[in-house]
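Enquirer: The structure that follows is given in the form of structure tokens.
The values are calculated or read from the model by the stated rules, or taken from the named source; none is laboratory data. This is a predicted model, so every value here is computed, not measured. Please note: Cβ atoms are built from the backbone with ideal geometry, for glycine as well, and neighbour counts cover all protein chains shown.
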Amino acid sequence: MSSVISSNSSLPSFILMGFFGSDVNSLWTALPLTSLYCLSVLGNNLILFIIKTDRQLWEPMYLFLWMLAATDLGMTVSTLPSVLCVVWFDFRNINFNACMTQMFFIHTMSLMESAILVAMAFDRYIAICHPLRYASILHPLVAKTGLAALARGVCFQFPIPFLLKRLPYCDNKKLYHAFCFHPDVMKLACADTTINSTYGLVLVLSTIFVDSVCILFSYFMILKTVLSIASKDECLKALSTCVSHICVVLVFYIPLIGLTLAHRYALNASPLLPVLMGLAYLCLPPVLNPMIYSMNTKQIQNALRKLL
């Protein structure tokens, strides 16, 4: 078939459409995206620097925050440069290997962030429900948690480039997003993608779904403990320590769920919908997370004042 690129021949190149190559790619999209990139790099580097240099913040809660900032920085560096190349320079071509590399880092960082959010929920659970055992339980687990999050992300994402490489691709090589995303690339294949689709579903259920259930269970136990506290002031004080984490969880999971639903079920919706959801999923958490913790955590505020 002339319209199919064989998987055994030279690997295809893809075209990053972004906003579909229309006049939308102008200053009103380029400047905000560039601002988001700069804010993300600056904010997350500040969090990394503050926690590294202030020994008072070498506690499990802030070490998990350090991991979150490092993951967000990796997510930004993996994603936004290709988006900025599209909106500023109209540079849309990306070869197969570069696309697979970007996809691997994007999805690996996403799974790592989800795992770190679970660890932070567990941190809040121990701090509120077992405060006297906080240090003895969590201090030995911090480094192991980071390594486990990294190992899980790499192991689950490692098969995906190989599953895509075995497929033949049609002449249509246009990707909706301005970055490489697994469901987006999979749609361009001119072959049965049941294995890819099934693996993607299993991956989501065994990681993102399980992580969200663990976070909900942690907060169920926290709420159960807090409601047993006699003093209303103590109850509110305990819950206030969870505000930052709850906001970060919502910022991460709401766009992720929206993007997943848009790709799988919103077949008749505007093709701009998954593009906007993808940008929200990959751009907003790295930008908002440092702001959320800076505004809601007094220790971070004090360390920032010292730095300034």
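Enquirer: Going through the range 58-101 one residue at a time, which ones are farther than 21 Å from residue 144 by Cα, hydrophobic (A, V, I, L, M, F, W, C) and crowded, with 22+ Cβ neighbours inside 10 Å?
Expert: Kept after step one, since they are farther than 21 Å from residue 144 by Cα, are these residues of the range 58-101: 75-101.
Imposing the further condition that a residue be hydrophobic (A, V, I, L, M, F, W, C) reduces the set to 75, 77, 80, 83-89, 91, 94, 96, 98-100.
Of everything in the range 58-101, those that are farther than 21 Å from residue 144 by Cα, hydrophobic (A, V, I, L, M, F, W, C) and crowded, with 22+ Cβ neighbours inside 10 Å turn out to be 75, 80, 83, 86, 87, 94, 99.
Enquirer: So which of 207, 193 is under 16 Å from the mean Cα position of the chain (by Cα), surrounded by 15 or more Cβ atoms within 10 Å (Cβ to Cβ) and not aromatic (Phe, Trp, Tyr)?
Expert: Among 207, 193, only 207 is under 16 Å from the mean Cα position of the chain (by Cα), surrounded by 15 or more Cβ atoms within 10 Å (Cβ to Cβ) and not aromatic (Phe, Trp, Tyr).
Enquirer: Among the residues in the range 142-152, are any in contact with a Phe, Trp or Tyr (Cβ under 6 Å, 6 or more places away or on another chain) and either charged (D, E, K, R) or surrounded by 12 or more Cβ atoms within 10 Å (Cβ to Cβ) (or both)?
Expert: no
Enquirer: Now for a separate question. If you take just the helices (runs of 4 or more DSSP H) that sit entirely in the range 194-308, which of them hold at least 1 residues that are more than 29 Å from residue 49 (Cα to Cα), free of Cβ contacts under 8 Å to residues at least 60 places away in the same chain and of a type in the set (D, E, K, R)? Step through it out loud before you land on a result.
Expert: Values: elements: 194-204, 210-227, 232-240, 243-264, 272-296, 298-307.
Counting at least 1 such residues, we get 210-227, 232-240.
Enquirer: Kindly indicate whether residue 76 is assigned to a helix (DSSP H, G or I), within 18 Å of residue 285 (Cβ to Cβ), in contact (Cβ under 8 Å) with a residue 12 or more places away in the chain and polar (S, T, N, Q). Give the derivation first.
Expert: Numbers: assigned to a helix (DSSP H, G or I): yes; within 18 Å of residue 285 (Cβ to Cβ): yes; in contact (Cβ under 8 Å) with a residue 12 or more places away in the chain: yes; polar (S, T, N, Q): yes.
Here the answer is yes, as residue 76 does meet what is asked.
Enquirer: Taking residue 104, is it at pLDDT 90 or above, surrounded by fewer than 22 Cβ atoms within 10 Å (Cβ to Cβ) and touching a helix residue (DSSP H, G or I) at 6+ places or on another chain (Cβ under 6 Å)? Break it down into steps so the answer makes sense when it comes.
Expert: Values: at pLDDT 90 or above: yes; surrounded by fewer than 22 Cβ atoms within 10 Å (Cβ to Cβ): yes; touching a helix residue (DSSP H, G or I) at 6+ places or on another chain (Cβ under 6 Å): yes.
So residue 104 fits the description; yes.
Enquirer: From 208, 246, which residue is at pLDDT 85 or above and within 18 Å of residue 296 (Cβ to Cβ)? Explain how you work it out, then say what you get.
Expert: On the way: 208 fails: within 18 Å of residue 296 (Cβ to Cβ).
Being at pLDDT 85 or above and within 18 Å of residue 296 (Cβ to Cβ) holds for just one of 208, 246, which is 246.
Enquirer: From 255, 183, grab the single residue that is closer than 27 Å to residue 86 by Cβ and either surrounded by fewer than 20 Cβ atoms within 10 Å (Cβ to Cβ) or of a type in the set (Val, Ile, Thr) (or both). Write out each step before concluding.
Expert: Details: 255 fails: either surrounded by fewer than 20 Cβ atoms within 10 Å (Cβ to Cβ) or of a type in the set (Val, Ile, Thr) (or both).
Testing whether each residue is closer than 27 Å to residue 86 by Cβ and either surrounded by fewer than 20 Cβ atoms within 10 Å (Cβ to Cβ) or of a type in the set (Val, Ile, Thr) (or both) leaves just 183.
Enquirer: Taking the conditions exactly as written (surrounded by 13 or more Cβ atoms within 10 Å (Cβ to Cβ), in a helix (DSSP H, G or I) and within 19 Å of the chain's Cα centre (by Cα)), does residue 160 satisfy them or not? Reasoning before the result, please.
Expert: Details: surrounded by 13 or more Cβ atoms within 10 Å (Cβ to Cβ): yes; in a helix (DSSP H, G or I): yes; within 19 Å of the chain's Cα centre (by Cα): yes.
It is true that residue 160 is surrounded by 13 or more Cβ atoms within 10 Å (Cβ to Cβ), in a helix (DSSP H, G or I) and within 19 Å of the chain's Cα centre (by Cα).
Enquirer: Moving on to the next point. Answer yes or no: is there a residue in the range 123-132 that is part of a helix (DSSP H, G or I) and within 22 Å of the chain's Cα centre (by Cα).
Expert: At the first step, the residues of the range 123-132 found to be part of a helix (DSSP H, G or I) are 123-129, 131-132.
Still in the running and within 22 Å of the chain's Cα centre (by Cα): 123-124.
Looking through the range 123-132, at least one residue is part of a helix (DSSP H, G or I) and within 22 Å of the chain's Cα centre (by Cα).
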